[in-house]
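Reviewing the structure listed below.
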Amino acid sequence: MQKPVLSKETPVRAQVVQKLRAAITEGMFQPGDHLVERDLCSYLGVSRTSLREALREVEAEGLIEFFPNRGAMVREITIDEVLELWELRSAVECLVARRFALYGTEEDVARLEESIANMDAALKAQDRSRIKHAKLEMWDSFTAGGHQSACAKLMQQINARLSFLWSSSLLLPGRPTESIAEFASVVSAIRDRNPDVAEAAIILHNENAKFVALRGLAAFEASRQAAKPVKRRVAKVPKKEAAAPATKRATAGTRAKRVAASA
């Protein structure tokens, strides 16, 4: 991954939060990864103070957690937490679907249809990075059409916690195509201004997506268990320049001592 370039127009803290969130939600940093501040400062090109402020904000979103004498780690998620988040997400989606059918504008519908088409194209291209961005845009378009800012913000936070499971849907044959068809049904109900049908369509999509996500979580846990015992994984971030190996420095010091001893 290329080193991110921070814009001069957006406040540094907001940009760092955005980059950290993206690194977690897009899978660069995975649940259980230890985040080393020194490496992150070098990668993002910011001070440790700016980084710590951003880390605290990402912690408030539930994406990382701090441990005494260990620092920050990407928060792990259990099956129970996934089910709780999915229940909350389902409730929010139902409200958004109903409001979209009642209050969404033609521009809102057109934006949602365009985002679904972009998602379909990304799936056919089998471009994972493009798929994740298209999926985020699709959900943003959906929640925006409900014209309820609290719902939109809550959905963003929930999806950020669950986003590392999204790739599991790509591994199940036929699921991406089904997902597109399900969302097309939601749009059709919205166009008909039928909130009951729109709600039913989003519930069907949500239940199918939950089943796939739980399978993905089970596979993730199985792979992690199979890899034990292992040392705590440290998040890998690109570095500008590798430091001299510690072993070589130690060897040089040892040689110096030997020379001094023989003199």
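Data overview
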| item | result |
| --- | --- |
| Test: residue in region 66-77 that is under 24 Å from Val212 (Cα atoms) and assigned to a helix (DSSP H, G or I) | no |
| Among (1) modelled with pLDDT under 75; (2) part of a loop (DSSP other than H, G, I, E, B), the one test that Ala252 misses | (2) |
| Of residues in region 16-43 being over 16 Å from the mean Cα position of the chain (by Cα) and modelled with pLDDT of 90 or more, the one surrounded by the most Cβ atoms within 10 Å (Cβ to Cβ) | Leu40 |
| Arg161 being in contact with a Gly (Cβ under 6 Å, 6 or more places away or on another chain), in the same structural domain as Phe100 (by TED's automatic domain parsing) and either within 18 Å of Ile77 (Cβ to Cβ) or assigned to a helix (DSSP H, G or I) (or both) | yes |
| Single condition Leu83 does not satisfy, out of (1) closer than 17 Å to Asn206 by Cβ; (2) modelled with pLDDT of 95 or more | (2) |
| Residue in region 5-15 that is under 19 Å from the mean Cα position of the chain (by Cα), in a loop (DSSP other than H, G, I, E, B), exposed (fewer than 15 other Cβ atoms within 10 Å of the Cβ) and at pLDDT below 75 present | no |
| Within region 104-147, tally of residues that are modelled with pLDDT of 95 or more, over 15 Å from Arg191 (Cα atoms) and part of a loop (DSSP other than H, G, I, E, B) | 1 |
| Only one of Glu93, Glu59, Glu87, Glu53 that is part of a helix (DSSP H, G or I), surrounded by fewer than 20 Cβ atoms within 10 Å (Cβ to Cβ) and in the same structural domain as Ile203 (by TED's automatic domain parsing) | Glu87 |
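The values are calculated or read from the model by the stated rules, or taken from the named source; none is laboratory data. Since this is a predicted model, take the numbers as computed values, not measurements. Every residue, glycine among them, receives a Cβ derived from its backbone with ideal geometry; neighbour counts consider all protein chains shown.
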